[in-house]
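Undergrad: Have a look at the structure that comes next, please.
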Amino acid sequence: MSHGTGNHWTTGGGGQKAQDAVAKTGIHFPLIVEHIATGEAIIIPTLKLESFSDTVTPKWNKEAVFGRMDEIATYQGTTRKISMKFKLGESVISEAKVHYEMIRKLMEFQYPVYLNRLNALTLAKPPLLHIKYANLISAKDKGPLICILESLSFAPILGSDIQQLPYVNLMGKGNEMESELYPKGYSVSLDMTVLHDEPLGTSAAPLPIDDNVEKAIDVPEGPRDPTAPSAEDTATITTMTDDMLYPNSDRNE
C-alpha cells in the first residue's frame, strides 16, 4: 500500500472510499481515520465533540551570552499538536456494537505492521494515521493530515440507572454460555502530533528597504479638486520686501 497523491489518502485504501461515502450520504462532521500501513479506515459519524485544541509550538535553541541582555535564539522547527475529546452517545444495541468495534479498531491502528507477526524485530511499517475531521483536522487541499497518535483513551459511560446500564448479549448454550457487555456510550480522547507533508512557511523574500520606499512613493494619483491650487502654484513663494511689509511708513525718516 503506497501513499497517494492528490488529496493524500493512501492509494487504493479505505480513506478515499470513506470520504466518498460520506459525501454521498450527507453525513455531517464525521471523523475519518485511516491506518496508512494497511489502508484500513473507519468512519465515526455520530460523535459529540466536547473539546478541541490545536497548538502550534515553534522550538528555539536559546543561548545566554555574557553582557547581552537578550539570549541568542536559533530557530529549530515547529510542531503541531491536536487534542480532541468526544462522546459516542447513547444508542440502541446494534449501534452500541458498532461503537465497540470502532473503539477496538482504533486501538488496533496503534500497532505497526511486521514482516512476520511472530517476530517483533522485523518491523515493516509504523502505525501512522491519516485523520480528517471537517475543516478542523484537514490539509489545505481538504484532504487528511498525517498524524502520530500520541495517546488514545476511552471510558465506557456506565451508571446505575436504566439509561446508562450496558446492553448484555448472551451467547452459547448450557455451560458454554458467555455474556458480552456493550456500553451505551463512550468518552474518547485523542492526542496527536501532525507530520507536515506539504511545504509551509514563506518562500518569497521581502523587498529590500530601498525598493519598498520606491513602491510606497510610486502611487498613482486619484481624482483631485479642480479648484485646488496645483503643486506648481503652491511651490512659488513671493519674497516679502520691506515695502510690502510696511506700505504706509516712510523708511527714510
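Undergrad: Return yes or no: is ARG117 of a type in the set (Lys, Arg) and either modelled with pLDDT under 85 or over 28 Å from HIS196 (Cα atoms) (or both)? Even if it seems obvious, please write down each step before you answer.
TA: On the way: of a type in the set (Lys, Arg): yes; either modelled with pLDDT under 85 or over 28 Å from HIS196 (Cα atoms) (or both): yes.
Taking the combined requirement at face value, the residue satisfies it.
Undergrad: While we're looking at this one, here's another question. Within the range 42-62, which residues are more than 16 Å from ILE82 (Cβ to Cβ) and in contact with a Lys or Arg (Cβ under 7 Å, 6 or more places away or on another chain)? Before the answer, list the steps.
TA: First, the residues of the range 42-62 that are more than 16 Å from ILE82 (Cβ to Cβ): 42-43, 45-46, 48, 58-62.
ILE42, LYS48, listed by residue number.
Undergrad: Has the range 60-75 got any residue that is within 29 Å of GLU101 (Cα to Cα) and among the acidic types (Asp, Glu)?
TA: Filtering the range 60-75 down to residues within 29 Å of GLU101 (Cα to Cα) leaves none.
No, the range 60-75 has no match at all.
Undergrad: Separate question: Which numbered condition trips up ILE27, out of (1) in a loop (DSSP other than H, G, I, E, B); (2) touching a residue at least 24 places away in the same chain (Cβ under 8 Å); (3) hydrophobic (A, V, I, L, M, F, W, C); (4) closer than 17 Å to TYR133 by Cα?
TA: The number of the failed condition is (2).
Undergrad: Still on this structure: From the set of residues in the range 32-80 that are of a type in the set (Val, Ile, Thr) and in a loop (DSSP other than H, G, I, E, B), which is farthest from GLU198 (Cα to Cα)? Working first, answer last.
TA: Our first condition is that a residue be of a type in the set (Val, Ile, Thr); within the range 32-80, this holds for 32-33, 36, 38, 42-44, 46, 55-57, 65, 72, 74, 78-79.
Cutting the leftovers down to in a loop (DSSP other than H, G, I, E, B) gives us 36, 38, 46, 65.
Numbers: ILE36: 17, THR38: 22, THR46: 30, VAL65: 36 Å.
So the residue we want is VAL65.
Undergrad: Given the conditions (1) free of Cβ contacts under 8 Å to residues at least 12 places away in the same chain; (2) under 19 Å from the mean Cα position of the chain (by Cα), and given that GLU63 satisfies all but one, which numbered condition is not satisfied?
TA: That leaves (2) as the condition not met.
Undergrad: For the range 35-64, which residues satisfy the criterion of being surrounded by 17 or more Cβ atoms within 10 Å (Cβ to Cβ) and in contact with a Ser or Thr (Cβ under 6 Å, 6 or more places away or on another chain)?
TA: ILE36, GLY39
Undergrad: Considering the range 97-113 alone, what residues qualify as being loosely packed, with under 13 Cβ neighbours inside 10 Å and either aromatic (Phe, Trp, Tyr) or touching a helix residue (DSSP H, G or I) at 6+ places or on another chain (Cβ under 7 Å) (or both)?
TA: TYR111
Undergrad: Another question about this same structure. Between LYS85, LYS132, LYS125, LYS105, which is of a type outside the set (A, V, I, L, M) and farther than 19 Å from GLY13 by Cβ? Give the derivation first.
TA: On the way: LYS132 fails: farther than 19 Å from GLY13 by Cβ; LYS125 fails: farther than 19 Å from GLY13 by Cβ; LYS105 fails: farther than 19 Å from GLY13 by Cβ.
Of the residues listed, the single one that is of a type outside the set (A, V, I, L, M) and farther than 19 Å from GLY13 by Cβ is LYS85.
Undergrad: Pick from the range 5-31 the residues that are closer than 20 Å to ASP197 by Cα and surrounded by fewer than 18 Cβ atoms within 10 Å (Cβ to Cβ): which of them is nearest to the chain's Cα centre (by Cα)?
TA: That would be ASN7.
Undergrad: Can you find, within the range 155-213, the residue that is nearest to ILE137 (Cα to Cα) among those that are surrounded by fewer than 10 Cβ atoms within 10 Å (Cβ to Cβ), among the charged types (D, E, K, R) and modelled with pLDDT under 65?
TA: ASP161
The values are calculated or read from the model by the stated rules, or taken from the named source; none is laboratory data. Everything quoted here is computed from the prediction, not taken from an experiment. Glycine also receives a Cβ, built like all others from the backbone with ideal geometry; neighbour counts cover every protein chain displayed.
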